[in-house]
Every structure is written in structure tokens, then in C-alpha cells.
1. For region 166-199, enumerate the residues that are touching a residue at least 24 places away in the same chain (Cβ under 8 Å) and surrounded by fewer than 14 Cβ atoms within 10 Å (Cβ to Cβ).
2. Being small (G, A, S), at negative phi, at pLDDT 95 or above and in contact with a Ser or Thr (Cβ under 6 Å, 6 or more places away or on another chain) is true for just one of A143, A128, A136, A159. Which residue is that?
3. Looking at region 44-60, is at least one residue buried (at least 21 other Cβ atoms within 10 Å of the Cβ), part of a strand (DSSP E or B), touching a Pro at 6+ places or on another chain (Cβ under 6 Å) and touching a residue at least 60 places away in the same chain (Cβ under 8 Å)?
4. Can you tell me which of V104, V41 is surrounded by 21 or more Cβ atoms within 10 Å (Cβ to Cβ) and out of contact with any His (no Cβ under 7 Å at 6 or more places or on another chain)?
5. What residue, of K165, K216, K149, is of a type in the set (D, E, K, R) and closer than 20 Å to E84 by Cα?
6. R214 fails exactly one of the following numbered conditions: (1) crowded, with 16+ Cβ neighbours inside 10 Å; (2) within 14 Å of C30 (Cβ to Cβ); (3) touching a Pro at 6+ places or on another chain (Cβ under 6 Å). What is the number of that condition?
7. Just give me the residues in region 7-32 being surrounded by fewer than 16 Cβ atoms within 10 Å (Cβ to Cβ) and either outside any loop (DSSP other than H, G, I, E, B) or in contact (Cβ under 8 Å) with a residue 12 or more places away in the chain (or both), in sequence order.
8. What strands (runs of 3 or more DSSP E) lie completely within region 64-159 and have 1 or more residues being aliphatic (A, V, I, L, M), in contact with a strand residue (DSSP E or B) (Cβ under 7 Å, 6 or more places away or on another chain) and more than 26 Å from I209 (Cβ to Cβ)?
Amino acid sequence: MDKTGFYYSREEAGSILAEKIMELDLKKPCLLAIPRGGIQVAKGVADKLEIPIYPVIVKKLPIPGNPEAGFGAITEDGIKVLDEKTIAYLDIDEESIERISQNVVREVIHRSSVYGSADRELVKSSDAIIVDDGVATGYSLIAAIKSVKGMNPSSITAAVPVASKEAYKKIQSLVDNFICPLVDETYFFAVANYYKQWFDLEENKIIEILKVYREKYKK
């Protein structure tokens, strides 16, 4: 991170997170990354901790007419987290919520079939580390945390380079450790604004990274 408070890349941000994760002295770390942006961040963490990367599949529920924004998120094991305030404010009805959820579930299933998913036995009794590239509303990370809790790890650490203050407050009480070097109160918060280099990985590149890191740090 430079003096202006910006990260150059997701990989650089991951290296910064790794230093703080190492201070926790976790005995049995298991690295879980939320595709897509979380995979790039996880590379920086994996190389410092010398552990493989496993995907945890979660996707936001897009607001009708504004797909960049969301009103919740859903995981591959069916855990759904809803932003009730946004739903009420935008008057999103139950039928729309169900229709959007079904569409998102199809994408989640696709991603799970392509990227794979975290091995429940591997996560069980581990010190799970959930990584993403940042949190705006926090609902994707909250859904991921709930999903991972169901795998019975010994502890959960959430690690993100940047978060809105509102999201930070939501997540802090849900995990054993929450690492977030940059918390911002900006009203119009967007994760991309905190990176100088910002691009989304293609599907085949994510598959390659996951494979490379499984081979690189076999456990």
C-alpha cells in the first residue's frame, strides 16, 4: 500500500494481509478464497504461508436493473443472506427474490463444478482463513463465513484489504479474527477504487491458479 492509501494490485494486498495473518500464529491454517477477486489476493497470502488455495463459492444477489449492486448473497451449500433494509427500500417482492436466487444458484453451481470447492474434512478442525479483495456491503463475506462455520473449523479468520465501516462492523463479531488494514467511511464505497491495478480474471486463469497452488504447496 502506498502513502495515498491505495494498493497497487490484489496480489500486493494479499502480501500485506499475509504479514498480519502470520502474527496470529495459526497452528493449522486453511486458506479459502472467494472467486474471482479473492483468488488474486489469496496468491499473496499462500506464498507467504506456503499453503494451497481452496475456493469458497459465493455470489451476490444482484439488484434488478443495477446488477453491480446487491441485496444479499448465496453460497454453494444454499446459505442465503439477505439485506432486508435494501429489499424493503427498493420494494423487491418475494417472487423477484426467488427468481433472482434461482438464477444465481445456477451460476454458483457452475462455478463450483469448474473451480471445485473446499473439502469439508480439510476445513474441519482447521484454522480457516477466508480471503476476498474487499467488502462493500459485506453480505458475500457473511454468507461465506456462515458456510465455513458449518464445516466446523477450530477458528475462522476473515482477511480483506479494505472494507466499508458499515461492513466492518457487521463482520467483526462473526469471526475469531478480522484482518482489514483499511476501513473507510466513504459514502459511495467501491472496492475497485482502492486499487491502482484492477481487472477480473478469466475463468481458465482461476482454474490454473488453483491447480498451480495445490501442486506448489501440497499438504
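The values are calculated or read from the model by the stated rules, or taken from the named source; none is laboratory data. It should be emphasised that the depicted structure is a prediction, and the values quoted were computed from it without experimental measurement. Cβ: placed from backbone, ideal geometry, glycine included. Neighbour counts: every protein chain shown.
1. Those that are touching a residue at least 24 places away in the same chain (Cβ under 8 Å) and surrounded by fewer than 14 Cβ atoms within 10 Å (Cβ to Cβ): A190, K196, Q197.
2. Working: A128 fails: in contact with a Ser or Thr (Cβ under 6 Å, 6 or more places away or on another chain); A136 fails: at pLDDT 95 or above; A159 fails: in contact with a Ser or Thr (Cβ under 6 Å, 6 or more places away or on another chain).
Criteria check complete, one pass: A143.
3. Checked region 44-60: at least one residue is buried (at least 21 other Cβ atoms within 10 Å of the Cβ), part of a strand (DSSP E or B), touching a Pro at 6+ places or on another chain (Cβ under 6 Å) and touching a residue at least 60 places away in the same chain (Cβ under 8 Å).
4. Details: V104 fails: surrounded by 21 or more Cβ atoms within 10 Å (Cβ to Cβ).
Answer to the selection: V41.
5. Working: K216 fails: closer than 20 Å to E84 by Cα; K149 fails: closer than 20 Å to E84 by Cα.
Step by step, each of K165, K216, K149 is checked, and only K165 is of a type in the set (D, E, K, R) and closer than 20 Å to E84 by Cα.
6. It is condition (1) that R214 fails.
7. Of all residues in region 7-32, those surrounded by fewer than 16 Cβ atoms within 10 Å (Cβ to Cβ) come to 8, 19-20, 22-23, 25, 27-28.
Those that are surrounded by fewer than 16 Cβ atoms within 10 Å (Cβ to Cβ) and either outside any loop (DSSP other than H, G, I, E, B) or in contact (Cβ under 8 Å) with a residue 12 or more places away in the chain (or both): Y8, E19, K20, M22, K27, K28.
8. Working: elements: 66-75, 80-82, 127-131, 155-159.
Passing ranges, in order: 66-75, 80-82.
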